[in-house]
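Please read the structure below before turning to the comments.
Taken together, the values in this text are just the output of simple stated rules run on the coordinates, not laboratory data. If you're wondering where the values come from, they're calculated on a predicted model, not measured in any experiment. Quick reminder, even Gly has a Cβ in these numbers, built from the backbone with ideal geometry, and neighbours come from all protein chains shown.
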């Protein structure tokens with residue numbers, strides 16, 4: 001059974017069919033790529049999965065349970081986290097505080113759990129944040145305001161903040177945007193580490209070298225519809241994909 005399954009998912013904005021009858025299945029433990037030209041429906045799909053947009057039609061199931069009508073915070077509670085194309089950090093909080101407020105600790109669900117963390121915090125909470133700081137390479141910046149970080153550091157903090165929610169699935173919406181080659185290489189390593197830790201990844205990205213290097217499977221969208229799905233090598237060889245997205249010609 002797929003961890004994430006979309007069946008006949010559509011989202012229309014007036015007469016514009018941003019996503020149109022999309023079927024998609026992401027298996028647990030996969031790094032699944034979602035690619036396509038600008039305006040093909042990729043970010044709309046992410047917004048439908050996370051609950052920012054309501055479905056026009058179709059269904060979304062996660063971990064075997066339908067959650068197409070759940071509000072965003074309940075989807076997060078079930079294990080779905082994301083990053084954004086446009087960075088959305090708490091700029092006037094420190095790096096450490098950005099991670100602290102994002103944590104989805106079991107203690108928070110117990111009576112007075114959040115108050116206990118606010119007044120001092122348990123050792124395991126602090127240790128988890130330390131591990132995220134190390135993962136993101138931001139341990140030396142933990143007391144810096146997020147607004148004062150360099151662009152690449154903000155990208156890393158946003159990813160770490162998503163991981164602070166203890167997700168089963170992380171949706172990464174163009175995480176390499178604005179990064180240089182060195183930063184993209186480090187991002188690649190972090191995505192692979194996420195899979196090694198048992199986290200499933202849905203990667204929306206325009207940097208094809210990154211997508212082809214890390215993904216197990218890829219779906220291609222064009223005008224809101226899926227035009228191809230397969231392994232990276234199958235997608236690279238697909239004539240329809242080359243025509244629609246990679247700039248090649250059909251046979």
Inset, instruction - Just need the relative contact order of the chain here, percent rounded to a whole number, with Cα pairs under 8 Å and 6+ apart. - result: 27
Inset, instruction - Determine, for 125, 26, 101, the number of other Cβ atoms within 10 Å of each Cβ, and report the residues in order from fewest to most. - result: 101, 125, 26
Inset, instruction - Set the Förster radius R0 to 35 Å, insert the Cβ-Cβ distance between residue 87 and residue 237 as r into 1/(1 + (r/R0)^6), and round the FRET efficiency to 0.05. - result: 0.50
Inset, instruction - Treat the count of other C-beta atoms within 10 Å as a stand-in for reagent exposure and order 129, 184 from fewest to most. - result: 184, 129
Legend entry - D_trans [Stokes-Einstein, Kirkwood Rh over alpha-carbon pairs] for the chain, 10 °C, 1.306 mPa s, µm² s⁻¹: 84
Inset, instruction - Can you grab the distance from the C-alpha centre of the range 146-224 to the C-alpha centre of the range 40-80, Å, no decimals? - result: 19
Legend entry - Cβ-based exposure ranking for 90, 62, 13, in which fewest neighbours within 10 Å come first: 13, 90, 62
Legend entry - the chain: antiparallel DSSP beta bridges as a percent of all, rounded to 5: 55
Inset, instruction - Just subtract the alpha-carbon distance of residue 97 and residue 166 from 0.36 nm times their residue separation and send over the number in nm, one decimal. - result: 23.2 nm
Inset, instruction - Over 16 Å, how big is the tail of the calculated P(r) for the range 1-60, in percent of all Cα pairs? - result: 42
Legend entry - Angle in degrees between helix 151-163 and the longest Cα principal axis of the chain, rounded to the nearest 10: 80
Inset, instruction - Work out the FRET efficiency for residue 12 and residue 182 from their Cβ-Cβ distance, taking R0 = 30 Å, and round it to the nearest 0.05. - result: 0.15
